[in-house]
Amino acid sequence: MIDVDRVDVRAAGVTLLRPVSVQVGVGEALVVRGRNGTGKSTLLRVLAGARRPSGGTVRVGGSLVDARDRRFRRRVSAMIGLPPMAPELTVLEHVRLVAATWYSDPDESRAVEGGLLAELGLDALSARFPHELSSGQTQLFGLALLLARPFDVLLLDEPEQRLDPEHVHTIIRVLRARRDAGATLVAATHSSVLADALADRTLELDAAA
Ligand SMILES: Nc1ncnc2c1ncn2[C@@H]1O[C@H](COP(=O)(O)OP(=O)(O)OP(=O)(O)O)[C@@H](O)[C@H]1O
């Protein structure tokens, strides 16, 4: 599903990501590890089409990455940092907005909304505004937006951020379910718990020379 071929990223004489090649099959989870500054977020941005590599190519489903292409956007759902939030919309309204944008059938959209909020333990918070959430709740809310739409590929940058150990297990359960349903996952993480629970394969990034 994902083919990264000798990709590197440089800017103004600085190496953000050393050359890397990796393939991830349909329904596989790749966990990206490495110390701070080794380029994990940069690699995810390249996979999401948010940053152009300096060299090499990335193909998703056989096509070159193109964030302007609706087929690519339909295929890839990414959470790299927290998503933008509208201060006047509730948690449920955010999720509904994303689901209704992607699912043409209103019944399907509603089923996704209700199921997701319950799965992430957010159903009691559905009427809250973003500023009324704790940092861990905000992280779960971001994950709800990531999952409230169709996708073949999930890209996640440190999804365990802000979460207590119990909620790390919640997201492991949620992400495993998506992988077992056929989604391809790429997750950068500093959590051994998450890596051990999720990784079909691991990519270890080295510090820039
Ligand atoms: N816009 C930029 N311009 C120049 N250098 C950058 C830029 N963004 C990131 N970097 C550098 O690129 C390198 C890789 O950064 P990146 O955020 O991808 O690392 P990371 O592995 O995700 O780190 P962390 O584990 O701390 O999240 C770092 O050395 C960083 O300082």
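The values are calculated or read from the model by the stated rules, or taken from the named source; none is laboratory data. A quick note: this is a predicted structure, and the numbers were derived from the prediction, not measured. No Cβ is skipped: glycine too gets one built from the backbone with ideal geometry, and neighbour counts run over all protein chains shown.
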Margin query: If a residue must be small (Gly, Ala, Ser) and either at pLDDT below 95 or closer than 23 Å to Ala181 by Cβ (or both), how many such residues does segment 54-71 contain?
Written below: 4
Item checked: Failed item in (1) within 12 Å of the chain's Cα centre (by Cα); (2) surrounded by fewer than 18 Cβ atoms within 10 Å (Cβ to Cβ); (3) modelled with pLDDT of 95 or more, with Pro83 passing the rest -> (3)
Next item on the list: Give the residues of segment 25-59 that are touching a residue at least 60 places away in the same chain (Cβ under 8 Å) and in a loop (DSSP other than H, G, I, E, B), sorted by residue number.
Entry: Gly25, Val26, Gly27, Glu28, Gly34, Arg35, Gly37, Thr38, Gly39
Checklist line | Filtered residues of segment 123-145 (kept if in contact with a Leu (Cβ under 6 Å, 6 or more places away or on another chain) and more than 15 Å from Pro159 (Cβ to Cβ)) | finding: Asp123, Ser126
Notebook entry, point to check: Is segment 40-53 home to any residue that is modelled with pLDDT of 95 or more, out of contact with any strand residue (DSSP E or B) (no Cβ under 8 Å at 6 or more places or on another chain) and crowded, with 16+ Cβ neighbours inside 10 Å?
Noted result: yes
Next item on the list: For segment 102-112, state whether one or more residues are within 19 Å of Ala188 (Cα to Cα), crowded, with 21+ Cβ neighbours inside 10 Å, more than 15 Å from the chain's Cα centre (by Cα) and free of Cβ contacts under 8 Å to residues at least 60 places away in the same chain.
Entry: no
Notebook entry, point to check: Of all residues in segment 31-57, which are in contact with an Asp or Glu (Cβ under 7 Å, 6 or more places away or on another chain), away from the ligand (no atom under 12 Å from the Cβ) and under 18 Å from Leu146 (Cα atoms)?
Noted result: Gly49
Next item on the list: Could you tell me which residue of segment 60-77 is nearest to Leu185 (Cα to Cα), considering only residues that are small (Gly, Ala, Ser) and part of a strand (DSSP E or B)?
Entry: Ser77
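Residues are listed down the side, and each one gets a yes or a no for (1) outside any helix (DSSP H, G or I); (2) touching a residue at least 24 places away in the same chain (Cβ under 8 Å):
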| residue | (1), (2) |
| --- | --- |
| Gln139 | no, yes |
| Leu145 | no, yes |
| Leu154 | yes, yes |
| Thr170 | no, yes |
| Asp196 | no, no |
| Ala207 | yes, yes |
